[in-house]
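The values are calculated or read from the model by the stated rules, or taken from the named source; none is laboratory data. All values reported here derive from a predicted model rather than from experimental measurement. All Cβ positions, glycine included, derive from the backbone under ideal geometry; neighbour counts span all protein chains shown.
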Amino acid sequence: MSQSGSYTSRKRPLIAGNWKMNGILVEAQQFVAELGENPAPDHIEVALMPPYTLLHPLSESLRQKGIQLGAQNVYYEPKGAFTGSISPMMLRDAGCHYVILAHSERRDIMGEANQQIGKKLEAAWAAGLEPILCIGEHLEERQDGETNAVLRRQLAVLEDAPEGAPLTVAYEPVWAIGTGLTASPEQVTETHAFIHEELTRLGHDCRVLYGGSVKPDNTAELMSCPGVEGALVGGASLQAASFMQIVQAAADVAAGA
Ligand code: PGA
């Protein structure tokens, strides 16, 4: 758990791997085999978000290893004539506990905006999924001193959320995603403190993950920042070895090692 600062956390940290549009069955089976017997330490939660096509095939083998399953997106209607879309119940049926919502790639490439994100949150909750809501500023917004205003606008989707609805938030500065740049410990600490404050104001006491070029060699430093309760990992989650190094580093920090 975080050792210092005003947001000392007793929540179980989550390390979640977002495979994005990567992975075919044979690669995924190899990945799972390489995870070994007992990849998820007790005091840390581990989850994987493979593409839709791998959800059902991986569901049972990940469950046996104590790893939660999640999807990277969902549509908000329960069923019907929405060609190409996947409903929340379909994700539950495939064994998902989590669904990533509002990733910056969906906001920026697919044009997702707050209205649609709000509907997806509601639909995910109605089906019993736990959303991982992604928020984060672009580089120009940080340089212009707009970071907190951007995050506040993005978090506004939680204004009407039902009390106690399961939720995890992931702070992912867009300029740090897939770039090899990470926010400094000072930036992470300051921004997570702001996000926790906003969440408290909105009535949510949930985990806040950090995401953006998390790698085995920066995990301990990032996880030691007050207010960081896990990581959303993209590129470094594609190889079992580097993903497990991240899990281990996070577990060591959580255990106070
Ligand atoms: P990255 O991606 O670790 O490759 O930067 C993180 C994410 O987009 O969730």
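With respect to the stated conditions, Thr191 fails to be within 16 Å of the ligand (Cβ to nearest atom), assigned to a loop (DSSP other than H, G, I, E, B) and β-branched (Val, Ile, Thr).
Residue count for region 130-176 under the criterion of being in contact (Cβ under 8 Å) with a residue 12 or more places away in the chain, away from the ligand (no atom under 16 Å from the Cβ), acidic (Asp, Glu) and in contact with a helix residue (DSSP H, G or I) (Cβ under 7 Å, 6 or more places away or on another chain): the result is 0. For region 198-238, a residue qualifies if it is touching a residue at least 60 places away in the same chain (Cβ under 8 Å), within 16 Å of the ligand (Cβ to nearest atom) and either of a type outside the set (A, V, I, L, M, F, W, C) or part of a strand (DSSP E or B) (or both), and the qualifying residues are Arg207, Leu209, Gly211, Gly212, Glu229, Gly230, Ala231, Leu232, Val233, Gly234, Ser237.
May I ask you to verify whether Ile246 is in a helix (DSSP H, G or I), within 16 Å of Ile135 (Cα to Cα) and more than 14 Å from the chain's Cα centre (by Cα)? In short, no.
Okay, residues lined up against (1) in a loop (DSSP other than H, G, I, E, B); (2) on the phi > 0 side of the Ramachandran plot:
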| site | (1), (2) |
| --- | --- |
| Ala16 | no, no |
| Val26 | no, no |
| Gln30 | no, no |
| Ala33 | no, no |
| Leu55 | no, no |
| Gly66 | yes, yes |
| Ala81 | yes, no |
| Arg106 | no, no |
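Taken as a whole, the structure leaves Ile117 outside the set of residues that are at pLDDT 95 or above, in contact with a strand residue (DSSP E or B) (Cβ under 8 Å, 6 or more places away or on another chain) and not in a helix (DSSP H, G or I). Could you tell me which residue of region 177-188 is nearest to Asn18 (Cα to Cα), considering only residues that are within 16 Å of the ligand (Cβ to nearest atom) and in a helix (DSSP H, G or I)? If we take residues in region 177-188 being within 16 Å of the ligand (Cβ to nearest atom) and in a helix (DSSP H, G or I), then Val188 is nearest to Asn18 (Cα to Cα). Could you give every pair whose Cβ atoms fall below 6 Å, whose first residue belongs to region 21-48 and is closer than 15 Å to Met244 by Cβ, and whose second residue is of a type in the set (Phe, Trp, Tyr) and at pLDDT 95 or above, counting only separations of at least 6 or pairs across chains? As it stands, the answer is Ala47/Tyr98, since those pairs meet every condition given. Checked against the criterion of being part of a loop (DSSP other than H, G, I, E, B), touching a residue at least 12 places away in the same chain (Cβ under 8 Å) and among the acidic types (Asp, Glu), the candidates Glu77, Glu60 yield just one match: Glu77. Selection over region 1-40 of residues that are modelled with pLDDT under 90 and surrounded by fewer than 17 Cβ atoms within 10 Å (Cβ to Cβ) gives a count of 11. Of the residues making up region 66-90, those that are touching an Asp or Glu at 6+ places or on another chain (Cβ under 8 Å) and farther than 17 Å from Gly128 by Cβ number 1.
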